[in-house]
Structures are given as structure tokens and as C-alpha cells.
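These notes are about the structure you will find just below.
The values are calculated or read from the model by the stated rules, or taken from the named source; none is laboratory data. All values reported here derive from a predicted model rather than from experimental measurement. As a convention, Cβ positions derive from the backbone with ideal geometry for all residues, glycine included, and neighbour counts pool all protein chains shown. Side chains are part of the model used for accessible areas, which takes the heavy atoms of the whole protein and leaves out ligands, DNA and RNA. Shrake-Rupley method; radii C 1.70, N 1.55, O 1.52, S 1.80 Å.
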Amino acid sequence: MTAILVPVAALAASLALFGAFVALIGVSPLDVYQLMYTGAFGSWFSWQNTLTRAAPLILTALCTALPAQLGLVVIGGEGALVLGALAAAATGLALEGAPAPVVVPAMGLAAMAAGALLIGGAGALRHGRGVNETISSLLLSYIAIAVLNHMVEGPLKDPASLNKPSTAPLADDYTIGTLPGMDVHWGLVVGVVCALAAWVLMRRTTFGFAARMVGGNPRAARMAGLPVGRLLIVTTALAGAMAGLAGMVEVAAVHGRANASLVAGYGSTGILVAFLARQNPLAVIPVAILFGGIGASGGLLQRRLGLPDASVLVLQGIIFVTLLASEGLHGRVRLPRLAKQPQEA
Amino acid sequence: MDETSPGWWGVPLAVLAGAIRVSTPFLFVSLGECLTEKSGRINLGLEGTLVMGAMSGYAVAYGTGSPWLGVLVAGLAGTGFGILHAAVCSLERVNDIAVGIALMLLGTGLAFFLGKPYIQPQAPQLPSIDFGWWSTSQQVRSALQVNALFLIGAVLAPLLVWGLRNTRWGMVLRIVGESAEAARAMGYPVNRVRLFATAAGGFLAGVGGSFLSLHYPGSWNERLSSGQGITAVALVIFARWDPVLCFWASLLFGGAGALGPALQAVGVTQGYYLFNAAPYVLTLAIMIATSSARHRLAGAPAELSVTR
Amino acid sequence: MVDRLRLSRRSVLKTVTAAGGLSALGAGLPWTPALAKDLVIGFVYVGPRDDFGYNQAHAEGAAAVKLMPGVKVLEEEKVPETVDVEKTMESMINLDGASLLFPTSFGYFDPHVLKEAKKHKGLAFLHCGGLWTKGKHPDNVGSYFGYIDEAQYLSGIVAGYASKTKKLGFVAAKPIPQVLRNINSFTLGARSVDPSITTAVIFTGDWSMPVKEAEATNSLIAQGVDVVTCHVDSPKVIVETAEKRGIYVTGYHANQAKLAPNGYLTGAEWNWAKVYTDYVKMVQGGIKPPNLVRGGLKEGIVKTSPYGAAVSDKARNHADDVKGQFMAGSFVVYKGPLKDNKGNIVIAAGTEHGQTDIALESMNWLVEGVVGSIA
């Protein structure tokens, strides 16, 4: 019960703090709350807007939430997303002419492989060389973005893309459309299915049990004969695969090609979603929708109240800090323990 | 080759000049982070602190006409963020890395939000000191236009090394960083020491930010930092928690950032994205080369979560 | 409610202005419900609208539209080129009743603007920079752009006279046709003054990278360059760096003269107010806006900054003479024989590409005299 109550209380406190902040510059907090509700959940249109924005966040949040079960903090989701997107686009173009039921899954697999390679790489470095995964995943993410830019403006550039350097566009039947009856693309379903699968894996299988044991106490896990290294590498690779898949969805459902617009900050927002969801893969779904809603209402705050675009960042920052503080203030609640425990000798 | 064109010789010169120009924010953030990490805590939020320092320093310099007052306020803003980090981290079960990420977000968000009115105006800038008066070459002279903050940083680095080794404060800090339990047993207030270390680290990072907006490139806008704060945190690991090595590593990173443009200026325009990513590759390579799965990094404070 | 809010916003504006801020937080007026007959117009910017550059030029155009009767202007800044821009436009349509949209970043066009135009057939989407093609793109989409390279050619002439080292510098974001055309026109303008002039180009890799831009400017100066210009979203840092180092600079996007009182020679500026007010008048008058609008100095879509004090009479006369020919529509920048900087003939002798020639919009070469290459 407290597992839900504490974040909800933290959220309420954050909204109050944000209200006080906007009141300081002369904007009515009540107007802000009302517009946020209108923009995020006030109508069928707003719901669709929110859900569309939530779709990539579910997958990038899993990129942080899965390794967290082992006590790792991975922040390279952005890089895994863009690398996955690049791999998906390259696959779609390489297989051009083949039937869509073959190509679309192939694009997904390629994207997952690329993401897995990146974040799994960070996991392997952690296990093999003791390199901190937080810093290495971030550096790898920067490098991945540079690779994306280099490829879409160099070897993979479509000469016809002119002023927006991109890969060639994917054939129409390799793109994925919207869900029946609504204006939200299939990426949402992909995200929800992955989150459910991640939850089942971590909470209902021996693999997940072992992984969480490593997260709880690596030394004990090793003494119990658990394959710590394998668990670590497989979990980080899976995490990267999730973000890579998000990249494939972006390419196939939104952009239709790979280019620099893919670097849109979904990776960093995903970190936030994962923490607010307390690293629970299932809770990632509602939290991603909440953040989709914050994004969806940001425009309305700009247009109607003249608040700067950065309002969304401020609110997100306040939520994050308040949430972390609430974890500490509330004694009985425990997060998966992150990186604070001694490493095996 | 005519006298106005140094040609290929201009590349090392531009890299050296660039190293001096670009390195200062790296230097201040890494020195600050070094202090914080020596106390056994990591503050990833210094990116947000840097941006906040850049904005507040610029705003104050513009409002008061005094760039040095801007530097001071930037430092104080950084101190505020450092205290917030330390306060949240001192609670039970709170992960310092997570708090850092949260403050990165909050710092940049607040700076962007409050900084809107200052994108346009021009604030007074910090002066440079001319060390190149002896040279007849215009290029050499401009390369040796050195900002006072760079010099302060350069002096601060060995001073910190000395202080950490030889003062009571430095020893307490290191004891807390090596073993919180031992420090408690010896009667030192672990959380308060860490609070001071993080606040001081925040101050330095804020000052580093003011260099960006008040000297080089000398303007406030939302893309000003582009990840320099977070790179500087990685740089501390690279520099083995040694302030003097932080100084050299900052110069190296600054120079690496200047290499791309310098090569392009002489006509090498291929692959600039990859050149621009060079510092990240370098850091990663050095981390891989020097880490070990068996024992923690040499020089690493034992309490530090990232090195375990 | 709304009135009270407006008051409070004004008082904020006033305090901030008193503190010296040029534009207050967001600078947006509070929302007032549109009257039924008002034409609701949405402007979407990719960056901050007070950037002294690309976005500010558009926001100045939007400000001119705001002064027109019977319109209500919505603005949103820093909207990424992702599903965000689609949803922003939909939100303006669904929640605020916008019927005319100006997505102002090139990257919005394909696929985002095209998707939205297909979804909302009755509304007009006028996009900056794209190349609307009949039969390929929806009929309710229009694209507009200006031949700003005409102004860059004039900047090149002025720079050619001002340079003593005969080395010019160009700080550019990405090697895309719009940018290459500016680099080439600038260089051709300068070389019409003195064929020994060269332009060194540095690509920073992205539209806004202040540290890289400053570093690029310094590197160019280290190589002996004494006039720089640029094509990035916000030229502020480049103009300020040039001024600090005591070299000349020509501006881009908007007028940056006050950032460099000594070194600012002239600049290539947009005049979007003209384009936007024309469009709005058409829509208000019940006329369907044309799908493709292009124009340069003659059509008033681009303009040049007033000459700075450092511009010699000779330079003024030469540039004014060519400007007159542009205004008369008789000047052709791209005429053969023209070589690229690798020695290949790119435009054969006797061939002329007038400004309206679509072929120029897919330029992928650097003209002879440019130091640098396209990745």
C-alpha cells in the first residue's frame, strides 16, 4: 500500500511546490493545474496526445528499470534508442522488396540487438573490468549519438534528403500505423507488452529471482552459486534491447527514416519515469502515461499562460527530487537497493 | 606561405589556445567534484549546477554591471544546489547517483526557465590577462590571453592536493571518504563533512558555469553547456581523484574539443562528428584500461559508490 | 479571470523590464478566447524565439501578424521535430481552434507536416523551407522560403573589400544545400571583388553549439581570417567573438549590429513579416494561398542590415549596384563557367541558373575558393 501512497504523496507535494513556484512569477497555480489537466487528460484528443507521448517512455524507462533490479544505474537509454533506430532503418533499407511480415520483425530484432550491444556492453564492462555502468552507459550514449549523426550525414545519407540529412525513407508497408479507432501508434502496445514481459521475468521466474538476489546482496548471491556475471550481462542487454526497440518504433511509426531528430530526450525522461515507478516494470506504464501527460500539457501552458517551455523540465525536476526525498523520509518503504552495497570481493 | 597564415602550424597553436579557453569549466567542475567524491559521495548533478551558475552569473553581471559579482552569485547558486544534494542524500536509503540525475534536471530546468530574459542582452565580461605581450605573432598573443579564473583554477589544483594531504580538514574529509564507520567511531560528523564537501563542490561548479557565460563563449543561452558538466564528472575518475591530474585532464579535454574546429580551419572537414566525440571515447578507453574487476581504482575513495 | 491574469503578467513584464531584461519570461501575452470570427494562427518554433537568429526572425514575423485586425496568434517554442510537433499542431487545432499553421523549422516538413495536412484537409499548413511538389504533397500544404543567398552575396562583396588578408571564414552548422548555397554565394560575392579571396568553412555539426561556434571562430582567426560570417541558428556567439578579437563580421538571420558596433559590416536578414502578413491577408480575403512562395530581395522576403561604419564607399557603391540589379531581377549569381573547389566544372559555360531554378535547391558542391569539403 505504501508502495503507491508514497509516490502519490510525493507527486502531490511536487505539484504544490510547482504551484508555489509559478505563483512567485505571478501566474495562478489553479490555472496551471486546470490547463495541465485539460492538456493531458481533459478530452479524448488530449488522452491520445498523452498516450502517444507515453509510448517511447515506457521502453526507455525499462532500460533503466531492468538493470536496477541488480542494483545498477544505467542512464544510456538515449544512445540505445538512436542506435536501435539506425539499425532498424538500415535493416529496412537493406531488405527492401521483401514482404513486410519478414522485414518489420527483422527491423525490430536488429534494433534490439543494437541497443543490447550498447547497454550490454556497459554491463560487460562492469562485470569484466569493474567499469562503473552509470558513467560508461552515458559515454556510450554520447558516442552512439555521434555515430548516428555521422552515418545519416555520411555513409547512409539519402542524397534526396537535402536539407534534413536522413537515411532513405522506408517503404510504406514497413511502417507501423495507428491502433484501430484511435490516433495512437502501435508503439504503445509494444511498450505495454514489453513492460508486462519484464515484470513477469523479474517477478515470476527464477532468472528474475536470481537477478533480484544479486541486487539485494551480490556477495550472498555469488556464494549461493548464482552466475552473477551472466545475470548482469543478460539483464543489461535486455534493457538495451528495450530502448533499441523504442528506436525502431520511432523510425517505423513516426519518422519513417533515421535522422538527427531521433535525439529527442526520450532516454533521459525514461530515467525519470523508471525512478518514479520505483523501478517496477509494471508501474512504469502509468508513470510513463503521467509524463506523457505533462509533455502534452506543456504546450498549453506556453500558449495560454505564457510560461516558458522549460516549465515542464522544472516540474519534472521537482517531482524527481521530492520523490527521492520522500523515499528517505518514509522509513518503511524500500527501493531496490541501488549500488550502495559493497561489491563482492 | 604568407605571414598571416600559420597553416598547419596553426593547428597545435589553436589546440593549445583552445585548451586554455575551453578547459576552465571542466577544471572547476572537476575540482569541485573531486572534493565531493573524496568525501565518499558522487554528485552527477553538477551539469545542472554548471548551467544554473552560467545563467545566474550572467543575470547578475548584467543587472549589476559587475562580472565578478556574477561569479560570486554563480558560486552561491552552486552552493545552494550542493546543499540540496547533500541534504537529500543524507536521508536513509537515498542513492546519490539518482539525486544527482534529479538535480541535473532541476538545475537545467530552472536555469532555462529563469534565464529567458537574459538570452538577448549582453552582460559585461570577465577581463583577460595578456601573457603574450612578448610575441610578435598575433596568433600567439591571442592564445595567451588568459582569464583570471583559469589561473585561479590552476593555483587551486595544487593547493587542494596540499590541503587534502596536510590539513586537518583534508584528513577528516579523506577519512569520511574512506570509511564512514571509522569516521563515526572517531567522532567525526560524517553527514556534515559531506555536506561541506558537496556545497564546496557546488560552489566551484557554479563558478565554472559563470566562466561559460561571462568569458568564453561569453553569452547565455540554453545550449551553452552541452554536457560539459557531466563530462567533467567522468573526468574526475579519469584523473584518479587527484586535483592536479584534474587540471591536466581538463586541458586535455579542452584541447580535444578544439581539435575538430582547428583541423577544419585548415581544410580537413571529414568526420567532424567523430572528432567531436573524441573526448568521450578517450574517457571510456582510459576507464576500461585502468579499471579492474578485482580491486577498486587506485586513489578512489572507498565509500564512493561508483567505484565499487 | 483572464483580465486579472493579464494584469499580473504585465506587472511581471514591467518588473523584468525594469531590471533590464529585454524580453520578459516567455514574452507571451495571456490567453484570451478567440472571437468567433477571428482567424486563429499557430506558429511553431524549433528553438527559443529570442535567439538573435533563426527563430527570432520568425517570431518577429509573427509579431507583425499579431498587429493585424481579426487574428489571434498562438506560439509555441522549442518544439522538437518528432511526434511533438504533430501533437502541438493538433493541440492548437483541437483545443484553440487554429486554422492556419506556420511550422517554421525545415525538419518539420517530412513527415510531420505532411501527416497533419492529410489529417486536416480543411486547414492550411504553410511551412518554411520545404519544397512543395504538385501531385506528391497535399494541396493544403504550402512552402515558402527566401533567396537569402542574394543578401549573402552582397555580404560577400562587402567582406571582400574589408578583408586585408584575403581570407574569409564561414561557420556553418551542417553541409546541407541551404547552407552550401549561402557559403557559395558569399564566396562568389567576395571573389567578384578579388578573385584571390578564399573562404575557409567550419561545420560545427549542429544548429546551436555555442562553445564549438566560438572555438570555430577563433580557429579561423588563428588561420588569418579577418572577416567571418555564419549559418547557425543563433549567430550571437560568433558575432561577439569576432568583435572581441577585433575582426569584421557579417550577420545572419536577424540584425546583430548592436552586438558588434565596430566590426559589424552588414548582414543577411529575413523579412518574414512580409511573407506572413501577405499570407494572412490572402486567407482573410478568402483567397487560397499559393503552394509555393519564393522570393529574394526584390520580393522583400530578405533584406540586408544597414552598412556598418567600417564599410568603405567603394564597397557600398559596389554592393548597392549589385543590390539594384537584384531588385530589378537581372542579376544571376550562378552562371557558368563555374568550378567547384575540386576543379570539376559544376555549371558549364553559357548555362545560367536563375534564383528560381529548383536545381539550386539541391546544391551539393562548394565553389572554387572555398577551403573545406563536404563529408
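Does the range C:93-104 hold any residues that are more than 7 Å from chain A (Cβ to nearest Cβ) and either open to solvent by less than 10 Å² (accessible area, probe 1.4 Å) or not in a loop (DSSP other than H, G, I, E, B) (or both), and which are they?
Of everything in the range C:93-104, those that are more than 7 Å from chain A (Cβ to nearest Cβ) and either open to solvent by less than 10 Å² (accessible area, probe 1.4 Å) or not in a loop (DSSP other than H, G, I, E, B) (or both) turn out to be C:Ile93, C:Ala98, C:Leu100, C:Leu101, C:Phe102, C:Pro103, C:Thr104.
Pull out all pairs, ordered by first then second residue, where Cβ-Cβ is under 8 Å, the residues are six or more apart or on different chains, the first lies in the range B:226-237 and is in contact (Cβ under 8 Å) with a residue 60 or more places away in the chain, and the second is open to solvent by 10 Å² or more (accessible area, probe 1.4 Å) and among the aromatic types (Phe, Trp, Tyr).
Pairs that qualify, where the first residue is in contact (Cβ under 8 Å) with a residue 60 or more places away in the chain and the partner is open to solvent by 10 Å² or more (accessible area, probe 1.4 Å) and among the aromatic types (Phe, Trp, Tyr), are B:Gly227/A:Tyr142; B:Gln228/B:Phe26; B:Thr231/B:Phe26; B:Thr231/B:Tyr280; B:Ala232/B:Phe26; B:Leu235/B:Phe26.
Only residues that are aromatic (Phe, Trp, Tyr), within 12 Å of chain C (Cβ to nearest Cβ) and open to solvent by 10 Å² or more (accessible area, probe 1.4 Å): list them for the range B:205-243, please.
B:Tyr216
Within the range A:145-174, how many residues turn out to be facing another protein chain (nearest Cβ under 7 Å), of a type in the set (S, T, N, Q) and in a loop (DSSP other than H, G, I, E, B)?
Number satisfying all stated conditions: 1.
Kindly indicate whether A:Gly128 is open to solvent by 30 Å² or more (accessible area, probe 1.4 Å) and over 18 Å from A:Ala252 (Cβ atoms).
When the stated conditions are applied, A:Gly128 passes them.
Taking the range A:119-144, which residues are more than 8 Å from chain B (Cβ to nearest Cβ) and β-branched (Val, Ile, Thr)?
Scanning the range A:119-144 gives a single hit, A:Ile119.
Considering only the range A:222-236, state which residues are in contact (Cβ under 8 Å) with a residue 40 or more places away in the chain and farther than 21 Å from A:Val74 by Cα.
A:Arg222
For the range A:213-225, state whether one or more residues are touching a Pro at 6+ places or on another chain (Cβ under 6 Å) and either modelled with pLDDT of 95 or more or away from every other protein chain (no Cβ under 12 Å) (or both).
For the range A:213-225, residues touching a Pro at 6+ places or on another chain (Cβ under 6 Å) and either modelled with pLDDT of 95 or more or away from every other protein chain (no Cβ under 12 Å) (or both): present.
Against the conditions (1) at pLDDT 95 or above; (2) under 16 Å from the mean Cα position of the chain (by Cα); (3) of a type in the set (A, V, I, L, M), where does B:Leu44 fall short? Just the number, please.
The failed condition is (1).
Given the conditions (1) more than 26 Å from B:Asp96 (Cα to Cα); (2) without any contact (Cβ under 8 Å) to a residue 24 or more places away in the chain; (3) more than 7 Å from every other protein chain (Cβ to nearest Cβ), and given that B:Ala285 satisfies all but one, which numbered condition is not satisfied?
Failed condition: (1).
Do we find that C:Thr187 is more than 10 Å from every other protein chain (Cβ to nearest Cβ), surrounded by 24 or more Cβ atoms within 10 Å (Cβ to Cβ), at pLDDT 95 or above and within 27 Å of B:Ala19 (Cβ to Cβ) in this structure?
no
Run B:Lys116 past the list (1) farther than 24 Å from B:Val29 by Cβ; (2) surrounded by fewer than 20 Cβ atoms within 10 Å (Cβ to Cβ); (3) within 14 Å of chain C (Cβ to nearest Cβ) and report the number of the one that doesn't hold.
Answer for B:Lys116: the failing condition is (2).
Looking at (1) within 8 Å of chain A (Cβ to nearest Cβ); (2) open to solvent by 10 Å² or more (accessible area, probe 1.4 Å); (3) small (Gly, Ala, Ser), which one does C:Gly122 not meet, given that it meets all the others?
(1)
Checking the structure you have, find out if any residue of the range C:220-239 is of a type in the set (Gly, Ala, Ser), under 19 Å from B:Val146 (Cα atoms) and open to solvent by less than 10 Å² (accessible area, probe 1.4 Å).
No, the range C:220-239 contains no residue that is of a type in the set (Gly, Ala, Ser), under 19 Å from B:Val146 (Cα atoms) and open to solvent by less than 10 Å² (accessible area, probe 1.4 Å).
For the range C:267-292, how many residues are open to solvent by less than 30 Å² (accessible area, probe 1.4 Å) and over 15 Å from the mean Cα position of the chain (by Cα)?
So the answer is 5.
Given the structure, is A:Leu305 open to solvent by less than 20 Å² (accessible area, probe 1.4 Å) and either facing another protein chain (nearest Cβ under 8 Å) or closer than 20 Å to C:Glu75 by Cβ (or both)?
yes
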